[in-house]
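I have placed the structure first, in the form of structure tokens, so that the comments after it can refer back to it.
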């Protein structure tokens, strides 16, 4: 009788432990699943910079007097923002009265101001234009894509090119189709030349 009780008790303890282990495994799986969803998604360098630019522009609008809502800004605010950023620039842009105007490598430093480089502003506008639409803005009403902004960037590019003596050259895009065609033609010509050479080396039939 005692043996029966001890046996039954052993089965009950084992079953209880097995159920407890199963519950613990399920809880761990749920916790792991929860943590996986909570882990932040690793952003690319471009996405991280785009988010920082968007937050910086939003902070700039909030610092205006009176503050400007992100849903109410215009291309004029974008122009003011670009001019505001010039104070943080690191590119020397010579003034017309400077003796080094138009020299790409002046021998000595001068007192001309530092500005944001055209390339930096152009990339910034591209990121903000994308961020605007990703945050619910309509493409046709995007202030960053305004013609006024394009004209301003073109003027900055031309003025900096003259002041620094570094002409702007637009990179030519290589057409993959043409390169493949040229490669195919050259390979065909090489095969024809090889075939012609081999036939000329054969002795005529007697």
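Per-structure values
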{"quantity": "Test result for residue 158, more than 15 Å from residue 75 (Cβ to Cβ), free of Cβ contacts under 8 Å to residues at least 12 places away in the same chain and in a helix (DSSP H, G or I)", "calculated": "yes"}
{"quantity": "Segment 91-117, residues that are in a loop (DSSP other than H, G, I, E, B), modelled with pLDDT of 90 or more and under 31 Å from the mean Cα position of the chain (by Cα)", "calculated": "93, 94, 113, 116, 117"}
{"quantity": "Failed item, numbered, when residue 57 is tested on (1) over 15 Å from residue 135 (Cβ atoms); (2) in contact with a helix residue (DSSP H, G or I) (Cβ under 7 Å, 6 or more places away or on another chain)", "calculated": "(1)"}
{"quantity": "Residue within segment 118-137 that is in contact with a strand residue (DSSP E or B) (Cβ under 7 Å, 6 or more places away or on another chain), part of a helix (DSSP H, G or I), surrounded by fewer than 16 Cβ atoms within 10 Å (Cβ to Cβ) and at negative phi present", "calculated": "no"}
{"quantity": "Identity of the residue in segment 45-90, assigned to a loop (DSSP other than H, G, I, E, B) and surrounded by 11 or more Cβ atoms within 10 Å (Cβ to Cβ), that ends up modelled with the lowest pLDDT", "calculated": "70"}
{"quantity": "Residue satisfying all of: in segment 139-155; in contact with a helix residue (DSSP H, G or I) (Cβ under 6 Å, 6 or more places away or on another chain) and free of Cβ contacts under 8 Å to residues at least 60 places away in the same chain; surrounded by the most Cβ atoms within 10 Å (Cβ to Cβ) among these", "calculated": "145"}
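The values are calculated or read from the model by the stated rules, or taken from the named source; none is laboratory data. The shown structure was predicted, so the numbers you read here are calculated from the model rather than taken from an experiment. All Cβ positions, even for glycine, are placed from backbone atoms using ideal geometry, and neighbour counts span all protein chains on display.
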